[in-house]
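The values are calculated or read from the model by the stated rules, or taken from the named source; none is laboratory data. For clarity, every value in this text was computed on a predicted model and none was experimentally measured. Neighbour counts are summed over all protein chains in view; Cβ atoms, including those assigned to glycine, are modelled from backbone coordinates with ideal geometry. Remember, those area values only see protein heavy atoms, side chains included, never the ligands or the DNA or RNA. Shrake-Rupley method; radii C 1.70, N 1.55, O 1.52, S 1.80 Å.
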Amino acid sequence: MPAACESVLEDIEDIVSAEDLKPHDRQFVRRNVFPKVRKRNSQKVVQTDDEPPSDSIIPGVQKIWIRTWGCSHNNSDGEYMAGQLAAYGYKITDNSAEADLWLLNSCTVKNPAEDHFRNSIKKAQEGKKKVVLAGCVPQAQPRQEYLKGLSIIGVQQIDRVVEVVEETIKGHSVRLLGQKKDNGKRLGGARLDLPKIRKNPLIEIISINTGCLNACTYCKTKHARGDLASYPIEELVDRAKQSFQEGVCEIWLTSEDTGAYGRDIGTDLPTLLWKLVEVIPEGAMLRLGMTNPPYILEHLEEMAKILNHPRVYAFLHIPVQSASDSVLMDMKREYCVADFKQVVDFLKEKVPGITIATDIICGFPGETDEDFQETMKLVELYRFPSLFINQFYPRPGTPAAKMPQVPAAVKKQRTKDLSQLFHSYNPYDHKIGERQRVLVTEESFDSNYYVAHNPFYEQVLVPKDPLLMGKMVEVNIYEAGKHFMKGQPVSDARVHTASISRPLAKGEVSGLTEEFRRSPQNGTNWKAQPSAEIPVKTQLSSCMALQLPWQQEGGGLKILSVSLALLAVLVMFYYGGMKTEL
């Protein structure tokens with residue numbers, strides 16, 4: 001088999017690597033080309049309907065295992081990639097051992113997440129698996145030594161995952177890391193109407209924008225996701241409508257900073273939310289994602305009204321990171337502690353019972369004992385029911401990595417002290433005896449309960465009754481723990497079916513129109529047939545030019561023409577060389 005080739009691609013036209021011969025060089029190698037006499041095969045070809053073996057080099061028949069780390073945005077990307085691969089004909093498997101290819105979708109927020117990612121790559125290589133890398137780690141640092149020779153799909157190129165997987169299975173290394181632009185303006189990313197496989201058929205994760213407006217000194221995600229780029233409101237509303245038509249009863253809005261939404265396209269988050277609220281069916285719910293304090297300050301009045309809406313969870317994730325203004329300044333967070341308190345106090349007053357979740361980094365460079373004590377006081381003041389505590393890890397290439405570091409033992413102790421404070425109070429004890437309305441959407445990790453959420457997005461465990469899944473029910477709270485409550489359904493209460501359509505089956509591909517389902521190019525009927533008559537590099541070009549149904553927007557003909565022209569040139573030089581020799 002020819003040696004694998006590696007190409008860092010911005011687009012199809014970059015498929016010819018620096019190692020390829022240029023046209024004017026080919027005349028000097030013609031003397032080494034000899035005509036071959038082909039022997040006719042007298043044996044009759046037997047046609048069979050059996051599928052090729054999974055180790056065949058014919059793309060579209062292999063089993064693929066997908067592992068995703070990180071945030072909701074990354075999970076949404078993973079669902080989109082799974083959907084496209086399944087629509088093309090690949091089998092998505094939960095068994096990593098039986099998979100032919102591992103698609104590893106990484107997170108760059110913390111060192112441990114990247115360590116897991118690196119170890120998974122090593123394990124895949126030891127198991128002789130094909131590997132495709134995705135997510136923020138390879139996007140931010142594609143030239144790291146342990147990524148050498150591996151295929152990469154960039155965070156804005158997930159609509160081309162089939163192409164990258166296809167070439168990787170053939171033995172090539174392909175990298176697509178470019179940005180999506182329209183008339184020079186950066187877009188939010190791949191289209192929102194791509195096929196996807198939801199991890200939970202009842203929950204749709206919608207990325208409303210990518211990137212952010214900040215330049216936090218500790219953040220590596222910025223290197224991968226870049227500056228703010230928002231999706232148009234109409235596209236987001238259409239995606240929500242499609243999701244509800246497919247049986248979804250809960251939508252999560254996600255991004256690196258939802259509060260900054262729309263600033264690059266002349267709109268804002270409240271405008272989007274009011275449009276989305278109009279299309280949420282009765283019984284279904286909307287959950288907002290993380291927003292930084294500076295961008296929510298401008299819209300507090302409108303946000304309070306939206307969070308009071310019966311179909312929007314009264315929940316907001318607002319990271320504070322530290323209660324020390326000097327630390328926040330070193331982080332370049334662009335707000336002070338007073339700003340954070342203003343947001344929290346206002347929302348607590350205007351949205352009774354609201355759940356405020358926050359993040360805190362322990363041991364940021366320069367953090368003194370006094371700084372840390374201010375953070376402890378903030379947690380004691382608000383007693384956040386949901387608190388994400390992170391020990392600081394210096395990420396390579398960030399300004400914070402070059403700052404004088406807090407000793408590891410001190411960071412560890414501060415993390416321990418804050419964790420002890422967090423576990424010293426129980427936020428739900430006072431709710432025992434309440435009657436609550438909850439939406440049941442998933443199964444608990446121990447498989448003993450179903451998981452529901454009340455209007456404040458507080459977790460309520462209910463009996464594992466299949467009739468409750470996807471339903472809005474009323475329960476009596478009879479027990480409370482640190483992170484959950486337990487509820488018993490009220491016998492005389494009305495059970496409301498939240499979904500307006502039958503939910504898709506687990507593993508079923510979302511977003512496939514009837515036209516696409518009937519298409520002869522869909523699924524296992526659409527296979528790229530490798531030809532022994534075409535050089536490997538030409539096969540690569542031809543295949544990469546292949547347009548998937550969700551990519552056909554008028555550009556397919558142009559790309560196909562370029563590919564055919566390239567093929568014609570290669571054939572001309574090949575036969576021209578033979579004639580010269582003869």
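When the Kirkwood hydrodynamic radius is evaluated over all pairs of different C-alpha atoms of segment 345-483, what value in angstrom, to one decimal, is obtained? Roughly 17.6 Å, rounded to one decimal.
Would you work out what percent of the accessible area of segment 456-517, with all protein chains in place, is carbon or sulfur (probe 1.4 Å)?
Working: 1780 of 3310 Å².
It is 54 percent, rounded to a whole number.
Counting only the backbone N, which residues of segment 254-279 are under 17 Å from the spot 7 Å out from the Cα of LYS241 toward its beta-carbon? Of the residues in segment 254-279, 272-279 have backbone N under 17 Å from the label point off LYS241.
What is the calculated FRET efficiency for GLU282 to TYR146, with r their C-beta to C-beta distance and R₀ = 51 Å, to the nearest 0.05?
Values: r = 51 Å, r/R0 = 0.99.
With R0 = 51 Å, the Cβ-Cβ based efficiency is 0.50.
Rolling a 1.4 Å probe over the protein heavy atoms gives segment 53-189 an accessible area of 36 Å² per residue.
If you roll a 1.4 Å probe over the heavy atoms of the protein chains, what accessible area per residue do you get for segment 352-437, in Å²? Spell out each step's value before the answer.
Numbers: 4270 Å² over 86 residues.
Each residue of segment 352-437 exposes 50 Å² on average to a 1.4 Å probe.
Highest mean packing first, where packing is the average number of other Cβ atoms within 10 Å per residue, the peptides 76-83, 333-340 line up as 76-83, 333-340.
The distance from the alpha carbon centre of segment 302-316 to that of segment 205-238 is 22 Å, rounded to a whole number. Protection proxy ranking, highest mean first, for peptides 432-442, 488-498, 155-165: 155-165, 432-442, 488-498, where packing is the per-residue count of other beta-carbon atoms within 10 Å, averaged. Within the accessible area of segment 283-402, the carbon and sulfur atoms contribute 51%, probe 1.4 Å, all protein chains present. Across segment 212-229, coupling constants 3J(HN,Hα) worked out from phi with the 6.51/-1.76/1.60 Karplus curve, θ = phi - 60°, read 7, 9, 8, 9, 4, 6, 9, 8, 9, 4, 4, 5, 8, 8, x, 6, 4, 8 Hz, and Gly and Pro carry x.
Each DSSP beta bridge with both residues in segment 186-425 is either parallel or antiparallel, and the antiparallel ones are about 10%. Over segment 339-387, all Cα pairs binned in 5 Å intervals from 0 give whole-percent P(r) values of 4, 18, 26, 24, 15, 8, 4, 1, listed from short to long.
For a test of the definition: using alpha carbon positions, the gyration tensor, and the 1.5 limit on a/c, classify segment 63-179 as rounded, prolate or oblate. The shape class here is rounded. Pairs with C-alpha atoms separated by more than 25 Å, drawn from the list LYS148/LYS332; LYS130/LYS402; LYS91/LYS170, are LYS148/LYS332; LYS130/LYS402.
Carbon-plus-sulfur fraction of the accessible area of segment 63-179, 1.4 Å probe, in percent? Present the calculation step by step, with values, prior to reporting the outcome.
Details: 1720 of 3810 Å².
Reported share for carbon and sulfur atoms: 45 percent.
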